[in-house]
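Please read the structure below before turning to the comments.
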Amino acid sequence: MEISSKENAKLFSKNTILSIDRASSKSESSASKKKETLCGGIKIFLGALSFVYFAKALSGSYLKSTITQIERRFDIPSSLVGLIDGSFEIGNLLIIILVSYFGAKLHRPKIIGAGCLIMSVGTFLIAVPQFFMGHYQYKILSSSSNSTVSISPCLQDQNQIPVSVLESSQAQMHAGCVQTVAIIGPIFGFLLGSLCAMLYVDFGFVDMESITITHKDSQWVGAWWLGYLIAGVISILAAIPFWFLPKHLPRPESQKDSSSSSEQSKFITEDSREHHITYEEQVKMLEMAKDFLPSLKSLLGNPVYSLYLCSSIIQFNSLIGMVTYKPKYIEQQFGQSSTKTNFIIGLINIPAVALGIFSGGLIMKKFRLNVLGAARLSLGSSFFGYLLLLSLFAMGCKNADVAGLTVSYQGQKEEFHYEQTLISECNSGCQCSKNEWDPICGENGITYVSACLAGCKMANGSGKNMIFYNCSCVEIAESSSRHSSAVVGPCQKGNECPKMFLYFLVISVITSYTLSVGGTPGYILLLRCINPQLKSFALGIYTLAIRVLAGIPAPVYFGLSIDTTCLKWGSRRCGGQGACKLYDSNAFRYIYLGLTIMLGTMSTFLSVAVLVVLKKRYIPHSETIATIEDRETTTATNRKSNFVNSDHLIQTTYWPEKETRL
């Protein structure tokens, strides 16, 4: 019995140990699986969110790249194109505050997924007019053979429009990851714009061999609609993962019980504890609605937040207007094609912006800048950026020599009103229309609005290879009968223009980089001057204000201002004023750069005011990091109730990589 009892005791002990080992192994395996699930869930969410940022940035930047294509395709002025561009932001007005306020309480992934689907529908709708407006028609004077024939652009009855055949073209791990992908989006957006601009607008619907113009021609319209279809498909793909993600991602145990966690971690932990409450108890719409106005009052009562908001609104007016019309400015000022312009912006300017944002974060981390340092860095980048823009006033091309618009038919540079001066003695008997825009380049280097207005009496060839002879106006300008021919298309700008364009690109890249350096410090300043519990709401108000007061009006009044520099308006086939065909280069440069710098200067003054208020509220660091963290631990509760008057919101501590986590 004794032996049996001992054996039983040993057997029990062994079984107990084995059972404990199995339980321990099972627990470790469960913990490991839970950790893998957690990491996997975060990675999936981060990847999906990054793709959404990419899709949104691509759509927005592609719209900017198609401004001139849309203007040319539908024959509309810049002001109307600006309204179309501004309307891209209008849809946000209806729901942005509700989403930012209630979104934290609802199923965030599904809200994001629904937003992506709505965005895809919007991009598809932008492309729809292409399929209901018929094929694009451009004007080109052509002959039926390659031999010299008796086609006379001049001496035509108004009822016999010259063989001016209208050729129809049938045709994170951390938030740095998400922001990086958001910067990559515009790069691909402009590169996609460059690619689509090389394709004819009606390709696939017309015989491409019948198209007699190239992408370098002033009448060329690229396949602007194709990019919107691609962007819409990308938005649909971006929405798919969010319909399969859970409402909340679990948090690691180590972070839940951490007493020395950062302000951000504590905020997230409190939010996680709230989620243990049932959904019905947590989401009480009436109580949340009652708290809306006090929260808004608390935000706007914060002088740092209010001043920074005003400064940002004015600065974004400047930047949005500049970016919207930058492709048009390059095309008109330096005579570049849409394809080349979009390619340059996508491959040079946007990476400079990305590098600037990265450098701003790196400087914050390297020098451990506090909120006051962040404000100084943001102010400095804006000041030097707009200072560099001043140099661009000297980097432009002179007006092209266009007879009757910028020079007389004798080649003298004067100011004209085209209705009175397009008709001259050399073409007075030709019965020409002053509304047409079919430019030709004379051998004397002067551009003429049309072959008829150049007084050309003979034509040889067809399409883009056509040559005009016996042009009476060209003879007068050159004072020699041997130089009386002209070719299709406007003359190239002066010899100094390519050099000026190179200088412009260099200064433009440096300016883009300099202005972008202040992006990260400014964002950190915004987050650190508000109550952590109001971050989502504050960012929603900030985004709403930027879109309503900058994103919508800036393209419109920039476009209206640019329209005032037009020298030659086109006319629509159905009647009425069309798109501008020729701008005054000098006036365009002064209006475009002048508006940008004026708004930037106003923004800089407000940034100085932000810095002054910060200095009054800021308490210099006289304690070690550990001492401050201990104080944070003991006064965490009091900070919430004393938010408005608390200097802690301005006096923030530093921990490694804090800036990249925000």
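The values are calculated or read from the model by the stated rules, or taken from the named source; none is laboratory data. Bear in mind the structure is a predicted one, so any value in this text is a computation, not a measurement. Backbone-built Cβ (ideal geometry, glycine too); neighbour counts: all protein chains shown. Only protein heavy atoms, including side chains, enter the accessible area calculation; ligands, DNA and RNA are left aside. Shrake-Rupley method; radii C 1.70, N 1.55, O 1.52, S 1.80 Å.
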- Note on the structure: Once amide hydrogens are built 1.01 Å from N within the peptide plane, the residues lying 5 or more places from Tyr583 or on another chain with amide H under 5 Å from its amide H are Leu567
- Query: What FRET efficiency do you get for Met208 and Ile467 if R0 is 25 Å and r is their Cβ-Cβ distance, rounded to the nearest 0.05?
  - Reply: 0.60
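If R₀ is 35 angstrom, what is the calculated FRET efficiency for the pair Phe244 and Leu125, using the beta carbon separation as r and rounding to 0.05?
0.85
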- Item | Inter-site label distance for Gln412 and Ile44 at 7 Å from Cα along Cβ, in nm | 7.8
- Simple spin-label estimate for Gln431 and Leu502 in nanometres, 7 Å along Cα-Cβ: 5.1
- Query: Ranked highest first by the average count of other Cβ atoms within 10 Å around their residues, in what order do 357-363, 60-66 fall?
  - Reply: 60-66, 357-363
- Item | Estimated vicinal HN-Hα couplings, Hz - segment 232-240 in sequence order (Karplus 6.51, -1.76, 1.60; Gly, Pro = x) | x, 5, 4, 5, 5, 4, 5, 6, 4
- Could you pull the Cα extents of segment 382-452 along its three principal axes, largest to smallest, in whole Å? 58, 24, 20
- Note on the structure: Counting only DSSP beta bridges with both partners in segment 331-474, the antiparallel fraction in percent, to the nearest 5, comes to 75
- Query: Per 10 Å bin from zero, what fraction in whole % of the C-alpha pairs of segment 283-352 is there, up to the bin with the longest pair?
  - Reply: 17, 26, 19, 16, 17, 6
- Task: Would you tell me the accessible area of Phe383, worked out with a 1.4 angstrom probe on the heavy atoms of the protein chains, in Å² to the nearest 10?
- Result: 100
- If the limit is 25 Å between Cα atoms, which of Lys64/Lys297; Lys64/Lys110; Lys340/Lys413; Lys340/Lys499; Lys216/Lys328; Lys56/Lys297 go over it? Lys64/Lys297; Lys64/Lys110; Lys340/Lys413; Lys56/Lys297
- Item | Alpha-carbon centroids, segment 505-539 and segment 313-379: separation in whole Å | 12
- What percentage of all Cα-Cα pairs in segment 327-366 are separated by more than 17 Å? 44
- Task: Hey, could you get me the Stokes-Einstein D for segment 488-536, Kirkwood radius over alpha-carbon pairs, 37 °C and 0.692 mPa s, rounded to whole µm² s⁻¹?
- Result: 224
- Note on the structure: Gyration tensor on Cα atoms of segment 500-572, a ≥ b ≥ c root eigenvalues, a/c under 1.5 rounded, else prolate if a/b beats b/c, else oblate, says oblate
- For Leu560 paired with Ile90, estimate the spin-label separation in nm (one decimal), with each label point 7 Å from Cα along the Cα-to-Cβ line. 1.6
